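Asker: Quick one: the structure is below, questions incoming.
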Amino acid sequence: MTSILVLNGPNLNLLGQRQPDVYGSATLADIEKMCRAKAKSLGVDLEFRQSNDEGALLDMIHAARGVHIGIILNAGAYTHTSIALRDAISSVELPVIELHLSNIHAREEFRHHSYISGVSLGMICGFGAAGYPMAVEALHRHLGGAG
Ligand code: CA2
């Protein structure tokens, strides 16, 4: 079992269509391709999902146990609101890398706090779409791969 789950939260399906100044011009499909190329080079499988529904994200985190070796999570705005997502991460007992396209600490005050950071292995933010393959590599390395 060497599969990584990349999970994307609300509004990230709109990437590439609006606010390219903040989030870049890559679409979520482009980012999926980048992640798949990185995973292939590392010899790991990858599942790539997006949902606007908090409950669906919780279900996907719960279902990851025994299927995936770790999770890369861009929880979108739920990052700043969801204790439920934090509890799901705590309970799943898998390494989770928190991911953001933008540098949340250089933006509005309300984005500075993350409910997810405290239960995550680490966080990558501010590198746009490039952060995703970085996270795939970091997770693989953490789990003992050569990276
Ligand atoms: O920087 C990130 O990746 C965020 O997780 C993106 C979230 C935001 O609420 C977080 O604070 C930081 C927003 C995703 C919305 O994506 C859009 C993409 C295109 C157009 C509109 C929204």
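Asker: Looking at the range 108-147 only, could you name the residues that are touching a Gly at 6+ places or on another chain (Cβ under 8 Å) and among the basic types (Lys, Arg)?
Answerer: Passing the criteria: only ARG141.
Asker: Hey, any hits in the range 83-91 for a residue that's of a type outside the set (D, E, K, R), open to solvent by less than 10 Å² (accessible area, probe 1.4 Å), within 13 Å of the ligand (Cβ to nearest atom) and over 11 Å from the mean Cα position of the chain (by Cα)?
Answerer: yes
Asker: For the range 92-115, how many residues are more than 11 Å from the ligand (Cβ to nearest atom), part of a helix (DSSP H, G or I) and either closer than 11 Å to ASN74 by Cβ or of a type outside the set (Val, Ile, Thr) (or both)?
Answerer: Within the range 92-115, residues that are more than 11 Å from the ligand (Cβ to nearest atom), part of a helix (DSSP H, G or I) and either closer than 11 Å to ASN74 by Cβ or of a type outside the set (Val, Ile, Thr) (or both) number 1.
Matching residues to (1) modelled with pLDDT of 95 or more; (2) of a type in the set (Val, Ile, Thr); (3) in contact with a Lys or Arg (Cβ under 9 Å, 6 or more places away or on another chain):
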residue: LEU58; (1), (2), (3): yes, no, no
residue: GLY70; (1), (2), (3): yes, no, no
residue: GLY76; (1), (2), (3): yes, no, no
residue: VAL92; (1), (2), (3): yes, yes, yes
residue: PRO95; (1), (2), (3): yes, no, no
residue: HIS100; (1), (2), (3): yes, no, yes
residue: ARG111; (1), (2), (3): yes, no, no
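Asker: Looking at GLY131, GLY126, GLY118, which is the one that is away from the ligand (no atom under 13 Å from the Cβ) and either among the small types (Gly, Ala, Ser) or farther than 23 Å from ALA63 by Cβ (or both)?
Answerer: Criteria check complete, one pass: GLY118.
The values are calculated or read from the model by the stated rules, or taken from the named source; none is laboratory data. Worth saying up front: this structure is predicted, and the values here are computed from it rather than measured. Virtual Cβ from ideal backbone geometry, glycine too; neighbours counted across all protein chains shown. These accessible areas exclude ligands, DNA and RNA; they are computed on the full protein's heavy atoms, side chains included. Shrake-Rupley method; radii C 1.70, N 1.55, O 1.52, S 1.80 Å.
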